[in-house]
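These notes concern the structure reproduced below.
The values are calculated or read from the model by the stated rules, or taken from the named source; none is laboratory data. Being a predicted model, the structure only gives us computed values, none of them experimental. Counting neighbours? That spans all protein chains shown, and the Cβs are built from the backbone with ideal geometry, glycine included. All accessible areas refer to the heavy atoms of the entire protein, side chains included, with ligands and DNA or RNA removed. Shrake-Rupley method; radii C 1.70, N 1.55, O 1.52, S 1.80 Å.
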Amino acid sequence: MIKILKFIFIAFCLISCQNNQKNEVTKGDKYVVSNNLIHFFINYAWNDSIGTFYSEIDNEGKVVSDKIYTVASSRLIYGLAYVSKSNKDYLRKAIRTFQFQKNHLIGSNEHGNYSLSYANEPTPTSFDVWQQAYGLCGITELYRNSKNDEVISTINSLHKGFINKFRDPINKGFWGEFKEGKGVSGSKSLQSLLYPMTAYMINLWNADNLHKTNYEHQLAENIDLLYQHGWNEKTSWVNVKFNDDWTVQKTENGDCNFTVTPGHNFQLAALLLRAASLNFLSDENKAKYQSLGKHIIDVTLQKNIFHVGEIGNGFYSEVNPNTNKIIDTRKTWWQHAEAIIALSLYEEKYEKEQKDLEKFFYKTFTDRIVGGEYFYVTENNKPITTELKGSIGKSTYHTIEMLRFITKKQ
């Protein structure tokens, strides 16, 4: 009898949780989404004895390896630091994770300091802009909230090393990869311009009043290069791969030699709209950047990327820019976060569309039963659980950043 009652109780809980998973998330529940995500990693990935988080966590919260990746750790620091005012334990964990990063995830060579890909990585000979930029993401947000001298000292050393490795003094902007003994040629991309700014530079410019002017030239340079080369009016998609002189990589027949994601359209648009807050830019430049940012959003929302033609159903992950053919019908959490950020910056023109996309995001990617969020869902919104909830680059960043922009607007 006891076993039968226990079974009924468990079944009731599961049904309740499943119903809860399908319910709309209200305005106040945005904070529930935030805490859900952060507590997933605190509950399952935190190792108090070493003072940091394991990176690879499956959909049930199981640690699947002892790997500790820089990008995942940095993005956790970002999330913890941003919400730290509501819970002092978040700040303590962010600081301890920073100490682990400083002691185990940073190296040095003749070009300056750099981020290792993971703890105990053999001395690397190749460095990519994604990992190096996002290695600065979390500690920049930690400094914004703590004004800790040790943190800004670490930031300055990594930033100097980043500039030394990736900046192109001739054609400007950043290379995408630096290989010891082989150089940097052939590695320029949309991401090599975009990620350093969105991952840390704009936030650092806002946070570091003492060294503010150190970042302004590079920010202005990268934004202008993106304005000139990042958008393809012919295809109405971003340009993703570039030659060394920032001309677009094309095939022999003149087609774009890459695929695109709607998320990068929205991410570029959001960056151009954010330029309005950079007071070192001229009013003329800010106006033209904003105009292009709004145009990109207008055009992207008219594309056939939304499931059954409705923005409230989310959008697909990958497209052939030459044909506009959908080549991946999965839906990706980070791309929707970037879209919501972009819509939130468009002076309320797309307020309804933003709300519809937010509801989709909260209902679809947030796992309110186990915790955390799904990386991908299928075309019909079924979670793809083979993709880890915690991985080399997935922890708390994109969702917390999205909530940050929404909250700031409100």
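See the values below:
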| item | result |
| --- | --- |
| Heavy-atom accessible surface of the chain: percent carbon and sulfur, 1.4 Å | 50 percent |
| Relative contact order %, the chain, counting alpha carbon pairs below 8 Å whose residues are six or more apart | 18 percent |
| 5 Å-binned pair-distance histogram of the range 142-230 (Cα, whole percent) | 3, 12, 25, 24, 17, 12, 6, 2 |
| Hz values of 3J(HN,Hα) by residue in the range 92-102 - Karplus curve (6.51, -1.76, 1.60), Gly and Pro given as x | 4, 5, 4, 5, 5, 5, 4, 4, 5, 4, 4 |
| Bins of 10 Å, starting at 0 and running to the largest distance - Cα pair percent for the range 109-184 | 18, 49, 27, 6 |
| Per-peptide average of other Cβ atoms within 10 Å, ordering 265-274, 61-70, 90-99 highest first | 265-274, 90-99, 61-70 |
| Largest-first principal axis extents, alpha carbons of the range 192-251, Å | 46, 21, 15 |
| Dipole magnitude of the range 75-229, debye to nearest 20 (Cβ charges: Lys/Arg +1, Asp/Glu -1, about Cα centre) | 420 debye |
| Isotropic mean projected area of the C-alpha convex hull, the range 252-293 (nm²) | 4.1 nm² |
| Gained length - SER291 relative to THR385, 0.36 nm times residue gap less alpha-carbon distance | 29.9 nm |
| Cα-based radius of gyration of the chain once divided by 2.2 N^0.38 Å, which approximates compact folds | 0.99 |
| Largest to smallest principal axis extent of the C-alpha atoms in the range 190-313, angstrom | 49, 38, 25 |
| Extension gain from ASN320 to THR378, taking 0.36 nm per residue of separation minus the Cα-Cα distance | 19.0 nm |
| Rounded accessible area per residue of the chain, 1.4 Å, Å² | 44 Å² |
| 5 angstrom amide H check on TRP237, placed H, neighbours 5+ away | ASN232 |
| Label point at ASN47 placed 7 Å out along Cα→Cβ; residues across the range 119-153 whose backbone nitrogen lies under 15 Å | 119-121 |
| For the chain, size of Cβ-based charge dipole, Lys and Arg +1, Asp and Glu -1, in debye | 1020 debye |
| Inter-probe distance in nm under a simple model that places probes 7 Å from Cα toward Cβ, at GLU110 and SER185 | 2.0 nm |
| Mean residue ellipticity (222 nm) of the chain, computed from DSSP H runs ≥ 4 via -39,500 (n - 2.57), nearest 500 | -15500 deg cm²/dmol |
| Residues VAL64 and ARG92, FRET efficiency given R0 of 45 Å [Cβ-Cβ distance, rounded to 0.05] | 0.95 |
| Contour excess over end-to-end distance, with Cα ends at LYS234 and THR329 and 0.36 nm allotted per residue | 31.8 nm |
| Label-point separation in nm, THR123 to ASN209, each point 7 Å along Cα→Cβ | 4.2 nm |
| Top positive-direction residue, dipole computed over the chain with Cβ charges, set VAL71, GLN302, ALA220 | VAL71 |
